1. Of the residues SER341, SER313, which is under 21 Å from GLU405 (Cα atoms) and polar (S, T, N, Q)?
2. If GLN298 meets every condition in (1) touching a residue at least 60 places away in the same chain (Cβ under 8 Å); (2) under 20 Å from LEU107 (Cα atoms) apart from one, which number is that one?
3. Out of the residues in the stretch 343-366 that are under 19 Å from CYS396 (Cα atoms) and hydrophobic (A, V, I, L, M, F, W, C), which is modelled with the highest pLDDT?
4. Being over 30 Å from LYS228 (Cβ atoms), surrounded by 20 or more Cβ atoms within 10 Å (Cβ to Cβ) and acidic (Asp, Glu) is the requirement here; does ASP175 meet it?
5. Taking the conditions exactly as written (touching a residue at least 24 places away in the same chain (Cβ under 8 Å) and either in a strand (DSSP E or B) or out of contact with any Cys (no Cβ under 9 Å at 6 or more places or on another chain) (or both)), does VAL412 satisfy them or not?
6. Looking at (1) in contact (Cβ under 8 Å) with a residue 60 or more places away in the chain; (2) under 27 Å from GLN298 (Cα atoms), which is the only condition ASP129 fails?
7. When you scan the stretch 247-302, how many residues do you find that are among the basic types (Lys, Arg) and within 23 Å of the chain's Cα centre (by Cα)?
8. Could you grab me the full set of residues in the stretch 182-201 that are part of a loop (DSSP other than H, G, I, E, B) and surrounded by fewer than 19 Cβ atoms within 10 Å (Cβ to Cβ)?
Amino acid sequence: MNDEEKFTGSETPEGAAAEQTDVCPEAPETENEGTVSGTEAQKTAESSESGEVDIAAVNAQCLASGDFTGFDDAYEAALEQRARDEKAAADRASPADPDALLEVRHLKMYFPLKKTLGGKVTLWLRAVDDVSFKLKAGETLGIVGESGCGKTTMGRAVLKLYKPTGGQIFFEGKDIAKYKPSEMRPLRTKMQIIFQDPYSSLPPRSTVGGILSEPVKVHKIVEKEKIKDYVLDVMEQCGLRDYYFERYPHEFSGGQRQRICIARALSVNPQLVVCDEPVSALDVSIQAQIINLLRRLQEQRGLTYMFISHDLSVVKHISDRIGVMYLGSMVEFGDKKSIFSHPMHPYTQALFSAVPNPNPDVKMDRIVLKGDIPSPANPPKGCKFHTRCHKCMEICKHIAPKYLEYEPGHFVACHLYPQEEA
């Protein structure tokens, strides 16, 4: 059974979803979480008692001089983890933003890779690592980044298709991060997803009418005798002819299948729709049709979108605000005008330089990123992007930059800018 069938809300998919969310039931227990009271703190205490040079003092001296010879990366990573945990604990006590339909705080989604014979996890894949953002009703948030950066995983974690390892997810002011499947069931009509692949996301043995009618029946959107008329009306809004009702998915083109997927998501009258690269498998002309359809439906129904894509030209066309992800972390976030007119992070600048310009007289200064994205199971020390950054400094290799607001609503994590909070 695929993910798409789970999301219709029927009993069997709900149970399957519950089984899937047990992939990562608890936050990883590591020595560097919470406080630096483990190996690093003991090491520091022992070295101080024996008259040896204090690790913190050595690190501070290296930072002041700019010479990182002898810098203890493990100790610095422990301090950074403690600071993140303290901030997450402080934010946990704050109430939800009343103006935001969706608010995500310090979201983490880890998957276990290795376990001991006793079942203790020794290696985690950190697909989403400490991500925070807000999304107001009626807005479109574009999430961009390379393949493997955690965009899709974040979208599914927000919808509770995965059980988050940590963090808070506020929807309509309520924290749903720890909701059980039974508690999530009433919210399935308010939160929906449009999957990336229109060819594999539709059950081949069901007709279009059956696909669209099932969630309406399960969630009792309308009375039983009105279901067909209701589904036909949704199909018409999505540009589907009424005689498609009795046809099967294999009889349609890619663009038509994606319209069916959109109709399925909208059949339960959702407020939030996660669009997981809905046009990446379509040609350019069909992409424009689907994007225009999504915008029209947003205006008619007041929908809120989280639009996941790696195509910046598409994101620019549909989004109000944009978040740039790299290796599970948000490296830049701001409104569309600010991000496109003044990209601050080197990774964002590199992504924008890859967008083709139709004007042949304009020369593009292409920024080529060398190498592949590192493994989220073993991310680099310091700034995660330093292994591929063309503006990398020595400090980037040892200390992770702070995620700070440098312009109103424009957040960046980079050592090229002051690291003191205002």
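1. Details: SER313 fails: under 21 Å from GLU405 (Cα atoms).
Only one candidate qualifies: SER341.
2. (2)
3. Checking each candidate, the answer is MET344.
4. Numbers: over 30 Å from LYS228 (Cβ atoms): yes; surrounded by 20 or more Cβ atoms within 10 Å (Cβ to Cβ): no; acidic (Asp, Glu): yes.
No.
5. Details: touching a residue at least 24 places away in the same chain (Cβ under 8 Å): yes; either in a strand (DSSP E or B) or out of contact with any Cys (no Cβ under 9 Å at 6 or more places or on another chain) (or both): yes.
Answer is yes for this residue.
6. Condition (2) is where ASP129 drops out.
7. Initial filter on the stretch 247-302 (among the basic types (Lys, Arg)): 247, 257, 259, 264, 295-296, 301.
Pick out the ones that are also within 23 Å of the chain's Cα centre (by Cα) and you get 264, 295.
So the count comes out to 2.
8. Of the residues in the stretch 182-201, the ones part of a loop (DSSP other than H, G, I, E, B) are 190, 195-201.
The answer is LYS190, ASP197, TYR199, SER200.
The values are calculated or read from the model by the stated rules, or taken from the named source; none is laboratory data. What you see is a predicted model, and the numbers here were worked out from it, not measured in a lab. Neighbour counts run over all protein chains shown; Cβ positions are idealised from the backbone, glycine included. Note: areas computed on protein heavy atoms with side chains; ligands, DNA, RNA excluded. Shrake-Rupley method; radii C 1.70, N 1.55, O 1.52, S 1.80 Å.
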